[in-house]
């Protein structure tokens with residue numbers, strides 16, 4: 001949202017439009033309340049993370065669109081009437097498109113923080129029973145990692161810091177110890193995660 005806001009703000013200043021033309025009408029208020037209803041509850045949740053507010057972004061955008069529709073209409077009118085400004089905006093749009101496309105192609109194989117999951121689980125063809133709960137250590141990999149989302153998406157599994165479940169995931173380079181009765185389920189070299197399965201004789 002930052003780039004469109006900066007562009008709109010620059011155009012507003014360049015065309016000397018007054019920000020008083022912002023009209024906070026009923027539609028803008030409705031979508032703003034919907035957006036806040038979708039994001040504010042996480043402020044009091046124990047599972048706070050920026051990714052949880054992603055689904056509320058479209059409603060913030062719709063609220064902003066209705067609130068600034070008068071300014072947008074005026075800017076469109078100026079661009080239609082002034083050829084030099086229209087050409088400058090077209091050149092800037094082409095530049096932004098080229099930069100965005102180039103960055104997408106450059107980063108197409110970049111999986112960032114999710115690379116350990118694909119390397120340690122997905123690419124090793126790990127098979128897990130669906131809809132089970134898996135113990136993890138440390139708890140931080142549930143709260144500040146994409147692991148819980150990937151485990152839910154690919155294996156329909158939930159994660160918990162409570163020990164004793166049939167499967168256990170331990171993050172390497174931590175002081176976590178493997179309880180007795182567990183055997184290694186994925187293979188080395190592992191980037192970040194070690195998966196263990198409780199042996200049949202240890203399952204209660």
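How would you order 185-192, 145-152, 77-84 from highest to lowest mean count of nearby Cβ atoms within 10 Å?
Working: 185-192: 13.4, 145-152: 17.9, 77-84: 11.6.
Listed from highest to lowest mean packing, they are 145-152, 185-192, 77-84.
Most exposed first by the Cβ proxy, i.e. fewest other Cβ within 10 Å, how do 21, 131, 16 rank? The partial results should precede the final answer.
On the way: 21 15, 131 10, 16 7.
Fewest to most other Cβ atoms nearby, the residues stand as 16, 131, 21.
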Contact order normalised by length for the chain, with contacts defined as Cα pairs under 8 Å and 6 or more residues apart; what percent is it? 16
Kirkwood Rh over alpha-carbon pairs of the chain plugged into Stokes-Einstein at 20 °C, 1.002 mPa s gives a D in µm²/s of 100
If you average the sequence gap of Cα pairs under 8 Å that are 6 or more apart and divide by the length of segment 2-106, what percent do you get for the contact order? 32
Per DSSP helix of 4 or more residues, -39500 (n - 2.57); summed, then divided by the residues of the chain. What does that give at 222 nm, rounded to the nearest 500? -13500 deg cm²/dmol
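Which of rounded, prolate, oblate describes segment 113-202, given a ≥ b ≥ c as roots of the alpha-carbon gyration tensor eigenvalues and a/c under 1.5 marking rounded, otherwise prolate only if a/b is larger than b/c?
Values: a/c = 1.25, a/b = 1.20, b/c = 1.04.
Cα axes put segment 113-202 in the rounded bin.
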Classify segment 2-106 as rounded, prolate or oblate from the Cα gyration tensor: take a ≥ b ≥ c as the square roots of its eigenvalues, call it rounded if a/c is under 1.5, otherwise prolate when a/b beats b/c and oblate if not. oblate
Relative packing of peptides 169-179, 95-105 - highest average C-beta neighbours within 10 Å first: 169-179, 95-105
If one takes the longest principal axis of the Cα atoms in the chain, at what angle in degrees, from 0 to 90 and to the nearest 10, does the Cα axis of helix 57-67 lie? 10
Roughly what % antiparallel, to the nearest 5, for the DSSP beta bridges in the chain? 55
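Quote the relative contact order of segment 113-202 in percent (integer), defining contacts as alpha-carbon pairs under 8 Å separated by 6+ residues.
Details: 145 pairs, mean separation 29.8, N = 90.
Once normalised by length, the contact order is 33 percent.
None of the figures in this text is laboratory data; all of them are computed from the coordinates on show. This one's a predicted model, so the numbers in the text were calculated from it and none came from an experiment. Ideal geometry is used to build each Cβ from the backbone, glycine not excepted, and the neighbour counts take in all protein chains shown.
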